Structures are given as C-alpha cells and as structure tokens.
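Asks: Sharing a structure below in structure tokens format, with a few things to ask.
The values are calculated or read from the model by the stated rules, or taken from the named source; none is laboratory data. Since this is a predicted model, take the numbers as computed values, not measurements. Here the Cβ positions follow ideal geometry from the backbone for every residue, glycine too, while neighbour counts run over all protein chains shown.
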Amino acid sequence: MSRVMLVVPEFSEGGVERHVLNLANGLCGLGCWVTVVSAGGALASGLSGAVRRIELPVHKKNLLSIVSCARRLSEEAVGGGIQIVHAHSRVPAWIGWLVRRFTGIKLVCTAHSRYSLNWGLWPLRRADGVICVSRAVRDHLYDWLPGRNAVDVIHNPAPDRVIPWVGSGGRVKRLLYLGRLTPKKGPMVLIEALGSVGGDGWILDVVGDGPYSPELQGRSRALGIGDRVIFHGHRDDAAEWISRCDLFLFPSLDEGMGLSLSEALLAGAPVLASNLAAVREITNCRGLIAPGEKSAWASRIEDFLWQPPEDGGLEITVKLPSGREMAEMVLNFYNGLLS
C-alpha cells in the first residue's frame with residue numbers, strides 16, 4: 001500500500017482540480033493512504049471520507065510562503081510515513097522539491113499544461129518522476145523533464161457520467177462555452193467573434209467562473225450582445241449542459257489536454273475547437289480552427305447557424321481511461337519509482 005501526498009493549489013473549479021479529485025478517490029479505492037493538500041475550495045467536498053485533507057496557502061507565489069508550506073508538509077510527511085509527494089502545478093512543484101530536499105521522500109510532478117519554458121520549471125527536472133497529461137505536453141516540456149524512464153504520459157480520465165447529446169430542440173440555437181474564464185481558455189475570442197455574427201438565432205451560454213468574467217461581461221455589453229451572452233457561473237451539472245447545447249465551443253489558445261472537450265466529444269455533441277496539438281492528439285482533426293482567429297470563428301459559427309452539418313464532424317479517436325484505470329496507472333508509476 002502506497003502512502004501519497006497530493007499537492008494542488010486550490011480545490012475550486014478547473015481541470016487540474018477535477019483530475020486530482022479523481023486521482024485521490026481512485027487511489028483510495030485501490031487501498032492507498034492519501035493526503036490532499038490545497039488552499040481549499042468547493043470541490044474538496046467531493047473527496048472520499050478516507051482522504052486526509054490539509055489546508056495551506058500552497059497557491060501563493062511567495063518565497064516565504066513556499067518555504068513555510070514545505071517545512072510544515074515535511075513534518076506531516078515524515079510523521080505520516082509518506083512515500084510519494086505528488087505535485088500538481090508549478091508552485092506545488094517547488095514546495096514538493098523542498099520537501100524532497102528536507103526529507104528525501106520521492107517527488108512526482110504532473111504537468112497539466114504546456115507551461116512557459118523558463119526556470120520556473122526547474123523542479124520538474126529535479127523530480128524523481130514526471131507524468132504528462134498528453135504527448136503534446138511531454139513534447140513541449142521535453143528539455144525540462146528528467147530522464148526518459150522517469151517520464152510517462154497518462155491521459156485525463158473520461159468523466160464518470162456522460163449524457164448522450166440531444167440538443168436544445170429550439171429555434172434559437174444554444175451555443176455553449178464550458179470552462180474556467182481566463183484569457184488562455186479563449187472565451188474573449190468567442191465574444192469578439194459573436195459580435196460580428198448576424199441575426200438573433202443564437203444564445204451563448206457561458207458555464208464557468210474565473211477572474212476574466214467581469215471583462216467578458218463588459219465586452220459583451222459593449223458589442224451589443226449582452227442580452228444573448230448569458231453567464232451562469234460555476235455549475236456542477238456539466239453533463240446536462242453539454243447534452244442540451246446545440247454547439248459546443250472550445251476556443252482555447254493553448255491546452256494540455258482539454259477535459260471539457262473530451263466530455264463534449266464523448267457525449268456526441270457537435271463541436272468547434274481550436275487547432276492545438278492536444279486536440280489533434282485525441283481527435284480526427286476535422287474542422288479545427290486556428291486559435292485566436294476571431295474572423296474564422298465567426299465564419300464557422302455562422303455556417304453552423306445557417307446549415308448545421310449532419311455528420312462528419314469532430315470526433316474523439318482515443319480510448320480515455322476511467323478514473324480507476326488512471327489511478328492504477330499512476331500507482332504503477334509510483335511503484336516503479338519505489339522499487
């Protein structure tokens with residue numbers, strides 16, 4: 001039985017947080033002793049009762065805070081017999097590297113994104129092992145990773161619950177953006193594109209929250225489409241939204257894996273998506289749009305509104321692991337480092 005400490009910045013909405021939620025519960029189901037360290041958040045309520053939780057400011061990009069958290073977690077790790085500290089995101093990676101220095105406990109990092117290539121990635125190179133959520137992430141970070149035998153690619157799991165797509169059934173087409181509201185995810189591309197889409201035959205449902213929300217709402221009003229862009233905030237019923245939309249939009253400017261995209265494709269929803277390496281890795285690549293090209297997005301959305309395609313759209317082409325299968329692969333990775 002492995003004893004593992006998972007460190008994630010926060011437990012609010014986001015693909016990294018949902019990944020850690022699945023992993024923590026999956027490892028518990030396999031008999032592991034799991035501690036999750038985060039700054040807290042609503043998703044923490046989904047953790048198994050068997051998971052030990054520690055709240056610390058592991059999201060703060062502050063040297064004193066990083067060192068303080070590392071010292072506290074070093075004490076917790078030694079006292080709890082932890083064998084693996086598993087960091088998710090860059091600040092936790094620095095904390096995990098210090099814990100490794102203080103205690104000798106092995107460090108694993110999961111790279112969830114195509115991070116900027118700078119010295120902020122130094123802990124990844126010094127980790128005992130690195131898991132990448134896609135080949136696109138691995139290839140991008142290649143020069144910052146440890147030896148080849150200490151690196152693995154494990155895709156994010158398929159969602160536990162998928163509702164087959166049925167559409168809205170209405171005359172007005174419901175377009176859906178589902179994800180965190182940050183510049184990197186590209187929601188402003190959609191707002192700007194829709195500002196030039198004529199007619200009144202559409203509504204954009206924005207499901208998600210984040211620091212970009214006020215700016216997006218302001219821009220929608222300025223473009224005169226504020227009444228047709230509806231911000232719903234964070235919701236726990238993503239599968240229902242995907243099932244009832246008429247078109248799922250994935251305008252990300254860069255991506256490690258794309259959890260919401262996978263959910264939409266598995267449900268069978270019509271999808272327009274950015275042409276990114278991580279998207280090409282898991283799909284048939286049909287109809288992908290250059291990221292950030294507002295005019296191209298506007299044109300493709302207008303095409304859909306006038307004449308929705310009957311078939312031949314974007315489809316998923318890989319078998320994603322279940323939550324349990326992902327946990328099994330991660331546990332095997334741990335065991336390889338510990339043997």
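Asks: Among the residues of region 54-75, which ones are out of contact with any Phe, Trp or Tyr (no Cβ under 9 Å at 6 or more places or on another chain), basic (Lys, Arg) and over 15 Å from HIS88 (Cα atoms)?
Replies: Passing the criteria: only ARG72.
Asks: Anything in region 198-249 that is touching a Phe, Trp or Tyr at 6+ places or on another chain (Cβ under 9 Å) and of a type in the set (Asp, Glu)? List them, or say none.
Replies: Those that are touching a Phe, Trp or Tyr at 6+ places or on another chain (Cβ under 9 Å) and of a type in the set (Asp, Glu): ASP205, ASP209, ASP246.
Asks: If I ask for residues that are surrounded by fewer than 16 Cβ atoms within 10 Å (Cβ to Cβ) and out of contact with any Phe, Trp or Tyr (no Cβ under 9 Å at 6 or more places or on another chain), which ones from region 79-88 would you list?
Replies: Scanning region 79-88 gives a single hit, GLY79.
Asks: Kindly list the number of the only condition in (1) in contact with a Leu (Cβ under 8 Å, 6 or more places away or on another chain); (2) of a type outside the set (Ser, Thr, Tyr); (3) surrounded by 23 or more Cβ atoms within 10 Å (Cβ to Cβ) that fails for CYS32.
Replies: Here CYS32 clears every test but (3).
Asks: Which ones in region 35-55 are buried (at least 22 other Cβ atoms within 10 Å of the Cβ) and not hydroxyl-bearing (Ser, Thr, Tyr)?
Replies: Here is the first cut: in region 35-55, the ones buried (at least 22 other Cβ atoms within 10 Å of the Cβ) are 36-38.
Result: VAL36, VAL37.
Asks: Considering GLU315, GLU325, GLU281, which residue is under 22 Å from PRO159 (Cβ atoms), assigned by TED's automatic domain parsing to the domain that holds ARG138 and either without any contact (Cβ under 8 Å) to a residue 12 or more places away in the chain or surrounded by fewer than 22 Cβ atoms within 10 Å (Cβ to Cβ) (or both)?
Replies: Just one listed residue meets the conditions, GLU325.
Asks: Scan (1) in the same structural domain as GLU302 (by TED's automatic domain parsing); (2) hydrophobic (A, V, I, L, M, F, W, C); (3) modelled with pLDDT of 95 or more for the single condition VAL197 breaks and write down its number.
Replies: The failed condition is (3).
Asks: Mind checking which residues of region 94-113 are aliphatic (A, V, I, L, M) and not in a helix (DSSP H, G or I)? Spell out how you get there, then give the answer.
Replies: Restricting attention to region 94-113, the residues satisfying the condition of being aliphatic (A, V, I, L, M) are 95, 98-99, 105, 107-108, 111.
Correct list: ILE105, LEU107, VAL108, ALA111.
Asks: Which condition does SER339 not pass, out of (1) within 30 Å of TRP33 (Cβ to Cβ); (2) in contact (Cβ under 8 Å) with a residue 60 or more places away in the chain, if it passes all the others?
Replies: Evaluating SER339 over (1) within 30 Å of TRP33 (Cβ to Cβ); (2) in contact (Cβ under 8 Å) with a residue 60 or more places away in the chain leaves (2) as the failure.
Asks: OK, next. Mind listing whichever residues of region 284-312 are basic (Lys, Arg) and either in the same structural domain as TRP33 (by TED's automatic domain parsing) or part of a helix (DSSP H, G or I) (or both)?
Replies: First pass over region 284-312, keeping only residues basic (Lys, Arg): 286, 294, 300.
LYS294, ARG300 - these are the residues of region 284-312 that are basic (Lys, Arg) and either in the same structural domain as TRP33 (by TED's automatic domain parsing) or part of a helix (DSSP H, G or I) (or both).
Asks: Quick check: is even one residue across region 89-112 hydroxyl-bearing (Ser, Thr, Tyr), within 30 Å of ALA277 (Cα to Cα), surrounded by fewer than 16 Cβ atoms within 10 Å (Cβ to Cβ) and in the same structural domain as GLU17 (by TED's automatic domain parsing)?
Replies: No.
Asks: When the residues of region 114-148 are filtered to those that are part of a loop (DSSP other than H, G, I, E, B) and under 17 Å from the mean Cα position of the chain (by Cα), which remaining residue is farthest from LEU320 (Cα to Cα)?
Replies: Taking the candidates together, the pick is SER116.
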